[in-house]
Amino acid sequence: MPLGRRLKPVEIESVLARENKSVPIYAQHNSDEIKINDTNISVNLFHAEKPQYSFSDVILNDRTYEAIQDVLTLYEKQELLFNKWGLSETHKKQKRAGINLYGPSGTGKSVTAHAIAAQLGRDILTVDYSQIESKYVGETSKNLTEMFDYAKKSEAIIFFDEADALLSKRVNNMSSSTDVSVNQTRSVLLILINEFDDLILFASNFIANYDPAFMRRILAHIKFELPNEVNRFKLWHMYIPKIMPTNVNIKKLSAKYEGISGSDISNAVFHATLKAARLNRDVVEHVYFEEAIEKIISSRVDNEGIGNPILKRTVDEEYVKKQFGGELPR
Amino acid sequence: MIATMIILTLTAALVAGLALFWKNIVEWIKKAANKIKEVLGLTPDGTRTFISRTIDGFKNKSKYYYKNKVTSEWEEIVYTKAVSEDEIPDDILAKVYKQKIDVEVSTTEELKLAINA
């Protein structure tokens, strides 16, 4: 079930069933509001879940992984840090830090958020802002308040995915009711975040436009980078099933294609496999993986009309000479 | 070499005189070379151009070669760009159709001739 969204009436029954509250309910769905009649059961409209991934499911560059572990020490050794070593006297507010995971799409930020929750033994409440935002004035703030209340009760870690829009700067020169509403929402969010005495995770692609007030609330900004060759090798290896019949040369793929994310690699494996099946081949040919990843790279937005550099690689001198009729270019 | 010649000596007048297909390639090479210079701080020592027929249509490829001053190794950057069939000159199209799908056909010499014509 998607997380952090309002449940449809038909989904409420499954929530109740999961919670062993199998009483008849009569739900009316009226735009954004769900009312439960003839029952005193309170149904939460947000849903925390057990983490779906651990750190064994994500391949991160060492620097990123170490930075995450440094911050998690704060939570894993709270007793030592704040009570035995006295940080509660001098750094009381640091107990409720936020972690901002930022970097290009497909670099494992969302999976890492789950892995963090798993390491801390906590449930995770993923918040998709588009599900909280309402066209009605004041309703978005109300939804945010409900969501934080739910997180407190369920003791879940809040994870704001795609947090760019939510945390961007408040508007200084308000020229419309929309601007007023946006500022109101962000002010409410800031208050809620400041009052929330627990870990909050954020994931974003851009970091430049954050409101300074939010920035102060965040203890660590952890950069996610596209994988290097070693990690690309691990990712290809991870995403190609062990039982798949294939003549793929993972080392060659890892060296040849730079600037790709784990998500790109996952998609390439999927499409290469589909092609082999479509052509009734017994094995997934190496060339299918190359075609798939080149197609993914080529499909990216080409703002400058240059096309996409599909690969950058080191080549030997003889290869270069061959390209230029036996001489080196000069 | 051809790359240096293309990148450094093409003038607007020369470009204007080329058929659209070649004109687009020349402008593309200039843009890509500038991008490489901007991002990597390098001027490619040479370039080659190719065309291929793929399952998604025709693709122009331009390949740039430079010697990495730190490692002293040669490096290659490949750019690809879709091109519509009706833009491709007949002689090039015929060469492409003689080859299997995905096989690269060099257009470097034809480009050189078009520029010098």
*Looking at (1) in a loop (DSSP other than H, G, I, E, B); (2) free of Cβ contacts under 8 Å to residues at least 12 places away in the same chain, which is the only condition A:P104 fails?*
(2)
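Just to be sure before I move on: is B:P44 closer than 20 Å to A:K256 by Cα and either modelled with pLDDT of 85 or more or in contact with a Cys (Cβ under 9 Å, 6 or more places away or on another chain) (or both) in the structure I sent? Working first, answer last.
Details: closer than 20 Å to A:K256 by Cα: yes; either modelled with pLDDT of 85 or more or in contact with a Cys (Cβ under 9 Å, 6 or more places away or on another chain) (or both): yes.
Judged against the criteria, B:P44 is a match.
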*All positions within segment A:227-248 that are over 17 Å from A:R63 (Cβ atoms), in a loop (DSSP other than H, G, I, E, B) and either of a type in the set (A, V, I, L, M, F, W, C) or in contact (Cβ under 8 Å) with a residue 12 or more places away in the chain (or both)*: A:I240, A:I243, A:M244, A:P245, A:N247, A:V248
*Odd one out for A:F206 among (1) over 22 Å from A:H47 (Cα atoms); (2) modelled with pLDDT of 75 or more*: (2)
*asked:* Return the pair list, or none, for Cβ contacts closer than 7 Å from residues in segment A:251-280 that are without any contact (Cβ under 8 Å) to a residue 40 or more places away in the chain and outside any helix (DSSP H, G or I) to residues that are buried (at least 22 other Cβ atoms within 10 Å of the Cβ) and not charged (D, E, K, R), at least 6 apart or on different chains.
replied: A:I260/A:I293
*Give just the number: which of (1) over 18 Å from A:E291 (Cα atoms); (2) modelled with pLDDT of 85 or more does A:N194 not satisfy?*
(2)
*Considering only residues of segment B:56-76 that are facing chain A (nearest Cβ under 8 Å) and at pLDDT below 85, which is farthest from B:E104 (Cα to Cα)?*
B:T71
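Select, from A:I306, A:I296, A:I240, the only residue that is more than 8 Å from every other protein chain (Cβ to nearest Cβ), surrounded by 14 or more Cβ atoms within 10 Å (Cβ to Cβ), at pLDDT below 90 and under 32 Å from the mean Cα position of the chain (by Cα).
On the way: A:I306 fails: more than 8 Å from every other protein chain (Cβ to nearest Cβ); A:I240 fails: at pLDDT below 90.
The unique qualifying residue is A:I296.
The values are calculated or read from the model by the stated rules, or taken from the named source; none is laboratory data. Computed from a predicted structure; not experimentally measured. So basically every Cβ, Gly included, is an ideal-geometry build from the backbone, and we count neighbours across all protein chains shown.
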